[in-house]
1. I need the shape label for segment 92-142. Rule: rounded when a/c is under 1.5, else prolate if a/b > b/c, else oblate, with a, b, c from the alpha carbon gyration tensor.
2. How much of the accessible area of segment 97-396, in percent, comes from carbon and sulfur atoms when a 1.4 Å probe is used?
3. Mean-square fluctuation check for the chain, GNM, Cα pairs under 10 Å: which of LYS14, LYS194, LYS133 is largest?
4. Size of the dipole of the chain about the Cα centre, Lys and Arg at +1 and Asp and Glu at -1 on the beta carbon, nothing else charged, in debye to 20?
5. Once fully extended, how much extra length lies between LEU16 and THR149, figured as 0.36 nm per residue of separation less the alpha-carbon to alpha-carbon distance?
6. I need the P(r) histogram for segment 17-85: all alpha carbon pairs, bin width 5 Å from 0 out to the longest distance, whole percents.
7. Kindly report the accessible area of segment 97-396 per residue (heavy atoms of protein chains, probe 1.4 Å, no ligands, DNA or RNA), in Å².
8. Which of the aspartates and glutamates could be linked to LYS342 by a straight reach, that is with a Cα gap under 13 Å, when you skip same-chain ones fewer than 8 residues away?
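The values are calculated or read from the model by the stated rules, or taken from the named source; none is laboratory data. These numbers come from a predicted model, not from an experiment. Here the Cβ is made from the backbone with ideal geometry for all residues, glycine too, and neighbour counts use every protein chain on show. All accessible areas refer to the heavy atoms of the entire protein, side chains included, with ligands and DNA or RNA removed. Shrake-Rupley method; radii C 1.70, N 1.55, O 1.52, S 1.80 Å.
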Amino acid sequence: MRNQGETNTVASNKQLYDLDEYSLAHVFLFLNVGDLDRCVLVCKKFQLIIQRVVFPKKCKHALVAGSDCTAAFSPYNYTRRKRVKLDENWRNGRYEERSYFHHNVMYISQIAIDRNWLYMTHGGRLQAHRRTKNVHMIDTRIAWAVGATGDSDITSLAKKNNRFFAGRMDGNILLYDHGTGEQHLEAITNDIIKAVDFNKDVYVVTTKNESTYVINYSPPDHELLYDGEVFEHSHVYPHAYETIKLNNNQLAVGKFHCSKKRALQLIDLYSCTIQQLNSPSTAVYDVLWKDEHCILSGNFDTTMRLVDTRTGNDEGCWTDPYNASVYCLTYNGTYAVHCGMKYHYRTNLYDLRVPNRCVQMYFPLKKNNNFSPVYRIAADYSQMFVVTDHNLRILNFDADWAATKDYASI
């Protein structure tokens, strides 16, 4: 029978290699990718645990690069190790930057991305640029375009699958189906169209000063050579909004100003009722649906809020460290929310699991005294597209060689 001294000697001689796989995996979860790469070289046991357990688990809980929803927008098929490394780059502020499409006259482009294409507007033209896998990230040559730069400016753009829905400054709406090549232009109002959205055959348009229109779409019957109106007004609300987002039969809307601090509202398209939510916002600049019950809002009061429509109350609130308004939002489908801010071309990254804390801030290079807001934003695993008033900037986080620009702890 062993005495106490012998037992202590055996315990002290135990090495890291002698731990069971569960314990080793738990230890490895605290290491970064560089340390894990070195551990992989130690022995076959470490290699199998890291590749089969650690990287998949880290990838599952990754902030930006863990979402399968975002994968649909990335031109690359990244390994789990690479996705974890990309997530570290997002958190640490390691990226390289390029700017494109500079224009001297102030103009706010509308953008959308998918796996192979960047879609953006310039004046009254909607144009497509192929995303590339070289250092330039996009091909600046126009692959296809609808409309002309001399047409009335496009002020809002919504895209689902191959269908594009745009609103113009002159009150016209443009519907374009890239799959069939069909396009339809129709006058809705004499006011400036502020925002548009659609879901299946239900289209919503809000103007700057007048009303919000709910429109039903009826595809033209080519066999009958019918060439009449394809949009039929279903309902008109006598309220104008800054931003709108449609989710089945519910429409999230944000007012440009509400003195009662009820700028965020919810419209039920079935009952045609308007519900004022209890989120205390004077002005809402952008809204997104997180899921069927929760709304993300970017607000004038320097906050990004998560609102539950079932209770009407805030479930979370994140405040900008520099007291700048939130102009635009994009959500990756799991935990990450990117916010375009009012000043200095800046974007913020927030984690919905961590309340009231900014994970990282990104300040693109400033070559002049222009302090443009970020008006539109889009992102995938490795790239973020930022629209300013004079150009498009692309931040590439698949750049392990780039310098770290960490502003999280300011």
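1. In terms of gyration-tensor shape, oblate.
2. It is 47 percent, rounded to a whole number.
3. LYS14
4. The calculation lands at about 1740 debye.
5. 41.4 nm
6. The calculated distribution, bin by bin, is 3, 17, 29, 22, 13, 10, 5, 2, 0.
7. With the other protein chains kept in place, segment 97-396 gives 43 Å² per residue.
8. Here the aspartates and glutamates satisfying the reach criterion relative to LYS342 are ASP286, ASP301, ASP320, ASP389.
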